[in-house]
Amino acid sequence: MLLKDVISLAKYSELAGAASKDNIDAIIAFINLGVLELYKRFPIRTKEYLVTLEEGVTDYPTPDDFMYATEAFGEVPEGYEGSNQPIAINDDDDDRSIFFPDWRTVQIPYSVAGAYISIIYVAKPEGVTVTDAESDTLDLDIPDVLVDCLLSYIGYRAHLGIKSDAQSENNAQWARFERNCRKAIELGVAHSSDSMEMTNRLNNRGFV
């Protein structure tokens, strides 16, 4: 959906009675925060990061757009029947596990020069600006099925920190946001990060 259309929907729905209805800077900030929250909950855009292991090196920088890893795969050893060999993430009980001490680093305790590890990760969304709000072609980087969730989040942010009756509206908007997210999962139109399985979507990377 076009960014300008989302702004228009927000103004005449969740923001209809809010002081920020005509504050485009605030609306853009709410949208960016809302999209980021949705990317935390749903693997909307995934990428592959192929790490080439180096002898004696255990820490490797993650890509600039890295948010969190969903799965990891190692080279397929000779005789292995599957097309990909899953690797555990942040599992102290698994000797082959990889770790993320922070979002900027992937730690691979073992090193075999020339070997590879494939990491599937959720990439962070591109932020939008006030200038973008005037565009007739800029699509917001979320699927249309999650626009209801975003609008509820915008309403929540618009009423956040306001006392009295507005606080009740804030609570209602957050409850609506949570409900819309659950509904998207129940209807099968979106998948949570916990349930995302990439195994069957990966082709053999040519590892031997």
- line: So, first residue under 17 Å from Glu134 (Cβ atoms) in the stretch 19-39, second residue surrounded by 16 or more Cβ atoms within 10 Å (Cβ to Cβ) and at pLDDT below 95, Cβ within less than 7 Å, six or more apart or across chains; the pairs are Ile24/Ala133; Ala26/Ser20; Ile27/Ser20; Ile28/Ala133
- request: Report yes if some residue within the stretch 2-18 is modelled with pLDDT of 95 or more, of a type outside the set (Lys, Arg) and assigned to a strand (DSSP E or B); otherwise report no.
  value: yes
message: Only one of Leu15, Leu2 is among the aliphatic types (A, V, I, L, M) and out of contact with any Asp or Glu (no Cβ under 8 Å at 6 or more places or on another chain). Can you tell me which?
response: Leu15
message: Being surrounded by 15 or more Cβ atoms within 10 Å (Cβ to Cβ) and either assigned by TED's automatic domain parsing to the domain that holds Val51 or not aliphatic (A, V, I, L, M) (or both) is the filter here; which residues of the stretch 129-153 pass it?
response: Asp132, Asp141, Asp148, Cys149, Ser152, Tyr153
statement: In the set Leu38, Leu9, the lone residue that is surrounded by 18 or more Cβ atoms within 10 Å (Cβ to Cβ), within 15 Å of Ile154 (Cβ to Cβ) and outside the structural domain of Asp91 (by TED's automatic domain parsing) is Leu38
Test: residue in the stretch 35-44 that is aromatic (Phe, Trp, Tyr) and within 14 Å of the chain's Cα centre (by Cα): yes
query: Quick one: what pairs do we get from the stretch 64-86, first residue assigned by TED's automatic domain parsing to the domain that holds Leu38, second at pLDDT 95 or above and surrounded by 14 or more Cβ atoms within 10 Å (Cβ to Cβ), C-beta under 9 Å, 6+ apart or different chains?
result: none
task: Return only the number of the condition from (1) exposed (fewer than 13 other Cβ atoms within 10 Å of the Cβ); (2) within 27 Å of Ala184 (Cβ to Cβ) that Thr52 does not satisfy.
output: (2)
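The values are calculated or read from the model by the stated rules, or taken from the named source; none is laboratory data. All figures in this text were calculated on a predicted structure; none of them were measured in a lab. Glycine gets a Cβ as well: all are built from the backbone with ideal geometry, and neighbour counts include every protein chain shown.
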